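The values are calculated or read from the model by the stated rules, or taken from the named source; none is laboratory data. The model shown is predicted, which means the values in this text are computed figures rather than measured ones. Please note: Cβ atoms are built from the backbone with ideal geometry, for glycine as well, and neighbour counts cover all protein chains shown. Just the protein is used for accessible areas: all its heavy atoms, side chains included, with ligands, DNA and RNA removed. Shrake-Rupley method; radii C 1.70, N 1.55, O 1.52, S 1.80 Å.
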Amino acid sequence: MAIHAAVLLNAAMSSPVSSRVPASAAATSPVSASAVPTSGAPRDIDPRLLRAFTAVAEELHFTRAAARLYVAQQALSRDIRRLERELGAELFVRTTRQVSLTPDGERLLPYALRVLAAHDELTEAFLAAPRPLLVDLNSPGLAPENVLRRARELAPDQELMARYESGLTGAVREMLAGRLDTSFGRYGGLDAGLRARLDSQFVRYERMAVILPDDHPLADLTEVPLAGLAGERIYAGAGNDRTPEWTDLAARLFAGRGIEIAPPAPLAVGQEEFRRIMAKHRHPVLAVVDFPPMPGCVLRPLVDPVPLSPVSLVWRKGLRHPGLDALRTAAAEIGAREGWHTRPAGSWLPEGEPGLPGA
């Protein structure tokens, strides 16, 4: 994390170089005329260089300073020379017997300490006590809830807050706007431009199912073959701009099987609204086998073939948070134990799906 040190160093280093370099050191100074800044104060000073400088200034001994910083003495000397070049000033008088600060070195030291203190405060604010992690679980009752529960056990000091955005595309919009941190869903169904701004970790293959009115002719079956849905109109989120990745998965699954995607319908929120919309339109609904029970309906797994919905954990590029680390560990741990990465025999996946194991 670089801090712009120009504000603090401007006043300290604004006098001409010739007035700052001691006469006794001028003949041996490593600072060349071409290295002296010609446009005023330096702009970006790497905090690492300032740490090197303060260590040597406090120890007045390169070997001890290098040991304090856990670096090689050669690397430490190189950093000091680089800082001197960037500032256009010699900071130390070096002899075979001792190291001492030049007047410019003495002038720089309090400024460097203040910059490093601000840098450490910034780092502490963002890393030592991170804000809550906002985690979208898509819908209640699904596998991501198990992942979140285990992540909270792994990171009890972190606050992981659940959200239910119901749709990865919609959740990604919230992520990129900074209003959400992570979500679960079909990463490969996102637009390529969105995927380029995200990172992901595959979590599981989730078996797909169909929700039927409890008096539907197929409701008495324990499993519904895809061929049995020929001629049906299945609701798969058409028209919902939060879930186009799900509608796309349905279109790929239904292609060539005589199954239509039902036209857009009002988004049902809550069990009673779901029951009312199902009773009114009577379109079967494409779902997954872990979808929670709904009144007046039955859920039946799909077979012949067994269609799978790939689920990944998704977050915006560059996100660093202990809660995210816990989520990733929890997903891998549960996936290994429950066989989430194993495809069932006779299963179906969309061809060329990005983000899958081995893809």
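Annotations
- Surface listing: Ser312, Ser77 arranged by accessible area from highest to lowest gives Ser77, Ser312, probe 1.4 Å.
- Neighbour-limited loop hits for chymotrypsin sites (Phe, Trp or Tyr not before Pro), region 44-79 (at most 13 other Cβ within 10 Å; DSSP other than H, G, I, E, B): Tyr70
- The fraction of accessible area contributed by carbon and sulfur in region 207-323 is 55 percent, rounded to a whole number (1.4 Å probe; ligands and nucleic acids excluded).
- Mean Cβ count within 10 Å, highest first, over the residues of peptides 92-104, 171-183: 171-183, 92-104
- Net lengthening on full extension, Ala196/Ala117 (0.36 nm per residue, minus Cα-Cα): 24.8 nm
- Probe 1.4 Å, accessible area per residue of region 147-187, Å²: 44 Å²
- Charge tally in the Cβ shell below 9 Å around Ala162, where Lys, Arg are +1 and Asp, Glu are -1, Ala162 excluded: -1
- Under the simplified labelling scheme, the Glu273-Arg85 pair shows an inter-label distance of 6.4 nm, with each label point 7 Å from Cα along Cα→Cβ.
- Per-atom-type breakdown for region 158-198 gives carbon and sulfur 43% of the accessible area (1.4 Å probe, protein chains only).
- Length released on extending from Arg179 to Glu59, taking residue separation times 0.36 nm less the Cα-Cα span: 38.5 nm
- Distance between the C-alpha centres of region 141-160 and region 88-115: 51 Å, rounded to the whole angstrom.
- Asp290, Asp191, ranked by accessible area, largest first (probe 1.4 Å): Asp191, Asp290
- 20 Å reach of a label modelled at Thr329, 7 Å along Cα-to-Cβ, counting backbone N of region 153-187: 153-162, 182-183
- In this simple spin-label model, placing a label point 7 Å from the Cα along the Cα-to-Cβ direction at both Glu338 and Glu106 gives a separation of 6.8 nm.
- Linear extension gain, Arg149 paired with Ala219, 0.36 nm per residue minus alpha-carbon span: 21.9 nm
- Accessible-area composition of region 42-151, carbon plus sulfur, in percent [1.4 Å probe]: 53 percent
- Protein heavy-atom accessible surface, 1.4 Å probe, per residue over region 214-332: 47 Å².
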